[in-house]
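The values are calculated or read from the model by the stated rules, or taken from the named source; none is laboratory data. None of the values given here were measured: they were computed from a predicted structure. All Cβ positions, even for glycine, are placed from backbone atoms using ideal geometry, and neighbour counts span all protein chains on display. Note: accessible area is taken over every heavy atom of the protein model, side chains too, but ligands, DNA and RNA are not part of it. Shrake-Rupley method; radii C 1.70, N 1.55, O 1.52, S 1.80 Å.
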Amino acid sequence: MSLPNHGANPHLLYEQLSIEKPGQIIDFSENVNPAGPPEFIRQNWDDLQHLVERYPDPQGQPFLSAVAKYHGVRVNQVLLGNGAAEIFSLLASMFQKKRAILIHPTFSEYEATLSANDVEIIHLEVEEIVTWQLPINQIIEEMQQADVLYLCTPNNPTGVLPPIEQLLLLITEGKKANCHIVLDEAFIDWIDEDASMIPYLEENPHVIIVRSMTKMYAIAGVRLGYMIASPSIIENLQRKTSHWHINGLAAVIGTGCLEEREYRDQAIRYAQKSREEFTAFLQQLGCKTTKSVTNYVSFQIPIPQHSKEFFHAMLQKGFVLRHTENFRGMNGEWFRVGMKKEQAMKALQKGMTSWLKHSSSL
């Protein structure tokens, strides 16, 4: 049975698996900030709701200028999107009927949008999930005949960030081979802006960086993302967008979010603490874990053959984990968990401990 290709919307999972939903559900399959949206949204809601009555700025202002200022780039280097999903759809059209390299396991949206544009996809896999090493030599070799390389940095679903030396090497080799490089930095703000490759764009016009506002600021329903690239690429893709594709609420809320420095710092600190504690818990139970640097971690239970039973048992307890049925190289034998509030994390640990100890005695 085909399971949903994305986290969130847990009701779909229960319906497809014909599992009765328990009274309380905690959705660990999505990776948004458990703190909820910044407080200014609630405080200013009376003013924000008036934006619903007006047509938004056709350029997505004031968010467009806010993004440029935040990253120290020019406005003509920024393309806004109705979520990063729209950005990936636009990008795929740029490579229609060309060749793209994907490194698995990785975010499923790349393949979905590229396939819809008749892009030939070259599939490569990391050598091993736990140690996570990019197949650098293979990538460089395939770049010679490819038009674009997609890299998720940090990776989704594992949370691993490749070393900057490897990214710079691939950027250099991509320039030699005339191969574009798309870096998906949807989760980079869970580390620090110093980890972003945006400063390297000026000298590398073949590099494209995609960002999301959803995860850090817990505004998934608002739908807001952006891309930073060379002005020529931005201009080309801007022509393909619809008019007013960035709604007025999103533009103003996104602008305010970028000003929330203390909010971000607190979120990063909590995610690190929660991730480290949960990783230690998993390892004590004998689980394999990924070297995540984000607000989620992937793990494999001690007996991978029991993965399906474990997944179903957690659903019956009300714990929705992110399955990996649609991630190449993970084959449903790994699970991803987004960090939640402390009480939710403790409840999950209790449920997992009970099931894993019982299953090991069978």
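Listed residues 152, 179; which is at pLDDT 95 or above, under 19 Å from the mean Cα position of the chain (by Cα) and not acidic (Asp, Glu)?
The match here is 152.
Quickly run through the range 133-155 and pick out the residues that are part of a loop (DSSP other than H, G, I, E, B) and under 17 Å from residue 101 (Cβ atoms).
If the condition is that a residue be part of a loop (DSSP other than H, G, I, E, B) and under 17 Å from residue 101 (Cβ atoms), then 133, 134, 135, 144, 145, 146, 147, 153, 155 are the ones that fit.
Please determine whether any residue of the range 307-327 is assigned to a helix (DSSP H, G or I), open to solvent by less than 60 Å² (accessible area, probe 1.4 Å) and over 23 Å from residue 12 (Cα atoms). Don't jump to the end; show me each part of the working.
Applying the first criterion (assigned to a helix (DSSP H, G or I)) to the range 307-327 yields 307-316.
From what is left, the residues that are open to solvent by less than 60 Å² (accessible area, probe 1.4 Å) are 307, 310-315.
Those left that are additionally over 23 Å from residue 12 (Cα atoms): none.
No, that holds for no residue.
Looking at (1) open to solvent by less than 40 Å² (accessible area, probe 1.4 Å); (2) assigned to a loop (DSSP other than H, G, I, E, B), which is the one condition that is false for residue 242?
The failed condition is (1).
Taking the condition of being open to solvent by less than 60 Å² (accessible area, probe 1.4 Å), among the aliphatic types (A, V, I, L, M) and farther than 30 Å from residue 141 by Cα, how many residues in the range 54-101 meet it?
Number satisfying all stated conditions: 8.
Give me the pairs: first residue in the range 206-223 and in contact (Cβ under 8 Å) with a residue 60 or more places away in the chain and of a type outside the set (D, E, K, R), second residue open to solvent by 20 Å² or more (accessible area, probe 1.4 Å) and outside any loop (DSSP other than H, G, I, E, B), beta-carbon distance under 7 Å, and six or more apart or on different chains, which are they?
208/180; 216/264
Tell me the helices (runs of 4 or more DSSP H) entirely within the range 1-75 that contain at least 1 residues that are out of contact with any Leu (no Cβ under 7 Å at 6 or more places or on another chain) and among the acidic types (Asp, Glu).
10-17, 39-43, 45-48
Considering only residues of the range 264-287 that are out of contact with any helix residue (DSSP H, G or I) (no Cβ under 8 Å at 6 or more places or on another chain), among the charged types (D, E, K, R) and under 30 Å from residue 351 (Cα atoms), which is least open to solvent (accessible area, probe 1.4 Å)?
Looking at residues that are out of contact with any helix residue (DSSP H, G or I) (no Cβ under 8 Å at 6 or more places or on another chain), among the charged types (D, E, K, R) and under 30 Å from residue 351 (Cα atoms), I get 275.
Go through (1) charged (D, E, K, R); (2) without any contact (Cβ under 8 Å) to a residue 12 or more places away in the chain; (3) crowded, with 17+ Cβ neighbours inside 10 Å and name the single condition residue 261 misses.
Every condition holds for residue 261 apart from (3).
Failed condition for residue 79, given (1) farther than 19 Å from residue 256 by Cβ; (2) part of a loop (DSSP other than H, G, I, E, B), with all others met?
Failing condition for residue 79: (2).
Being modelled with pLDDT under 95 and in contact with a helix residue (DSSP H, G or I) (Cβ under 9 Å, 6 or more places away or on another chain): is that true of residue 39 here?
No.
Of all residues in the range 310-362, which are acidic (Asp, Glu) and touching a helix residue (DSSP H, G or I) at 6+ places or on another chain (Cβ under 7 Å)?
Scanning the range 310-362 gives a single hit, 333.
Residue 114 versus (1) of a type in the set (A, V, I, L, M, F, W, C); (2) open to solvent by less than 10 Å² (accessible area, probe 1.4 Å); (3) modelled with pLDDT under 95: which is the lone unmet condition?
All conditions are met except number (3).
Which condition number in (1) of a type outside the set (Ser, Thr, Tyr); (2) exposed (fewer than 14 other Cβ atoms within 10 Å of the Cβ); (3) within 21 Å of residue 332 (Cα to Cα) is the one that residue 178 fails?
All conditions pass for residue 178, except number (3).
For residue 101, state whether it is modelled with pLDDT of 95 or more and under 15 Å from residue 235 (Cα atoms).
No, not satisfied.
Going by the conditions given, is residue 210 buried (at least 21 other Cβ atoms within 10 Å of the Cβ) and either among the aromatic types (Phe, Trp, Tyr) or farther than 14 Å from residue 84 by Cα (or both)?
No, not satisfied.
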